[in-house]
Amino acid sequence: MVGNEARGSRQRARALPIDAHAVEIARQKLITSRQEREAREIIESISNVTRIQIIRALAETPLAAGDLARVVDRTAPATSQHIRVLRELGAIESMRSGNVVRYRLTKNPSAQILEVIARAFDALGR
């Protein structure tokens, strides 16, 4: 019985943090459940290299869908599907000038986050 009591004591001790203050500080830095849902959407949207390229291209200048397809070397229908994902996220928007529709990054936080992620890949070239 003594062995079981000692084991139970060790298990309870592991349940307590080593540094309760540090644990509390770390917990305060966690994102909320709403932010977690938004983060999941952003992460899923950037999980495709073509969308990373689209974000990088649109960070420099607005582009028509056909020109954007040329830049990212994809077909127009494939590019359109990627545009749809990014539009639904609110990261890009369209603007019409005559019969030409151009896409650009929004000022939305999701666009800002995606741009930072897309630019982070520059570190791979160093």
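The values are calculated or read from the model by the stated rules, or taken from the named source; none is laboratory data. The model shown is predicted, which means the values in this text are computed figures rather than measured ones. So basically every Cβ, Gly included, is an ideal-geometry build from the backbone, and we count neighbours across all protein chains shown. Ligands, DNA and RNA are excluded from the accessible area calculation, which covers all protein heavy atoms including side chains. Shrake-Rupley method; radii C 1.70, N 1.55, O 1.52, S 1.80 Å.
Worth pointing out:
- Pairs linking a residue in the stretch 84-95 that is touching a residue at least 40 places away in the same chain (Cβ under 8 Å) to a residue that is charged (D, E, K, R), with Cβ atoms under 8 Å and 6 or more positions apart or on different chains, are Val85/Arg51; Leu86/Arg51; Leu89/Glu41.
- Selected residue (criterion: farthest from Glu115 (Cα to Cα)) from residues of the stretch 47-92 that are part of a strand (DSSP E or B) and touching a helix residue (DSSP H, G or I) at 6+ places or on another chain (Cβ under 7 Å): Leu63
- Scanning the stretch 96-126 for residues that are aliphatic (A, V, I, L, M) and either open to solvent by 60 Å² or more (accessible area, probe 1.4 Å) or under 16 Å from the mean Cα position of the chain (by Cα) (or both) yields Leu105, Ala111, Ile113, Leu114, Val116, Ile117, Ala118, Ala120, Leu124.
- Selection within the stretch 1-30 - of a type in the set (D, E, K, R) and either modelled with pLDDT of 90 or more or touching a Ser or Thr at 6+ places or on another chain (Cβ under 8 Å) (or both): Asp19, Glu24, Arg27, Lys29
- Residue match in the stretch 31-50 (condition: touching a strand residue (DSSP E or B) at 6+ places or on another chain (Cβ under 8 Å), open to solvent by less than 50 Å² (accessible area, probe 1.4 Å) and modelled with pLDDT of 95 or more): no
- Some residue of the stretch 62-83 being surrounded by 10 or more Cβ atoms within 10 Å (Cβ to Cβ), of a type in the set (D, E, K, R), over 24 Å from Asp122 (Cβ atoms) and modelled with pLDDT of 95 or more: no
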